[in-house]
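Colleague: Once you've had a glance at the structure underneath, I'll fire off some questions.
The values are calculated or read from the model by the stated rules, or taken from the named source; none is laboratory data. The structure displayed is predicted, hence computed values, not measured ones. Neighbour counts are summed over all protein chains in view; Cβ atoms, including those assigned to glycine, are modelled from backbone coordinates with ideal geometry. Ligands, DNA and RNA are stripped out before the accessible areas are found, and what is left, the full protein with its side chains, is counted by its heavy atoms. Shrake-Rupley method; radii C 1.70, N 1.55, O 1.52, S 1.80 Å.
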Amino acid sequence: MTMSYKGPAVVDADGEEITVAVDWRVHQEPNGWDWWGGGLLSSQAADLWEAEDLILRLPDGRESKFVVVGGSVDAGELDFEGRGSGPF
């Protein structure tokens with residue numbers, strides 16, 4: 001099972017496909033709770049920030065929902081956390 005990914009991806013943002021560079025990983029907490037998230041780069045960060053429904057799609061077709069939790073729209077750098085099962 002892949003526990004991280006760094007490279008190109010596509011985000012479906014409310015039905016609009018946006019090309020991004022992404023770096024995510026599974027985070028394992030001491031209490032046994034796992035979550036996945038990371039950062040992404042995009043020239044369309046403002047569109048991602050404003051979108052209500054975000055789906056991260058990897059080049060091999062695996063995908064999962066996520067939410068933006070921070071970052072800098074002006075710099076095109078956003079932080080995100082996955083929702084549900086990750087794309088692995």
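Colleague: Please give the number of the condition residue 68 fails out of (1) among the hydrophobic types (A, V, I, L, M, F, W, C); (2) surrounded by fewer than 18 Cβ atoms within 10 Å (Cβ to Cβ); (3) in contact with a helix residue (DSSP H, G or I) (Cβ under 9 Å, 6 or more places away or on another chain).
Modeller: Here residue 68 meets the rest and fails (2).
Colleague: For segment 54-65, state whether one or more residues are more than 15 Å from residue 9 (Cα to Cα), under 12 Å from the mean Cα position of the chain (by Cα) and either in contact (Cβ under 8 Å) with a residue 12 or more places away in the chain or open to solvent by 80 Å² or more (accessible area, probe 1.4 Å) (or both).
Modeller: Within segment 54-65 (the criterion being more than 15 Å from residue 9 (Cα to Cα), under 12 Å from the mean Cα position of the chain (by Cα) and either in contact (Cβ under 8 Å) with a residue 12 or more places away in the chain or open to solvent by 80 Å² or more (accessible area, probe 1.4 Å) (or both)), the answer is no, since none of the residues qualifies.
Colleague: Every residue in segment 77-88 that is in contact with a Ser or Thr (Cβ under 9 Å, 6 or more places away or on another chain), part of a strand (DSSP E or B) and open to solvent by less than 20 Å² (accessible area, probe 1.4 Å), please. I'd like the intermediate steps shown before the answer.
Modeller: So the first thing to find is which residues in segment 77-88 are in contact with a Ser or Thr (Cβ under 9 Å, 6 or more places away or on another chain), and the list is 77-78, 82-88.
The next check asks that each one be part of a strand (DSSP E or B); those that pass are 77-78, 82-83.
Those that are in contact with a Ser or Thr (Cβ under 9 Å, 6 or more places away or on another chain), part of a strand (DSSP E or B) and open to solvent by less than 20 Å² (accessible area, probe 1.4 Å): 78, 82.
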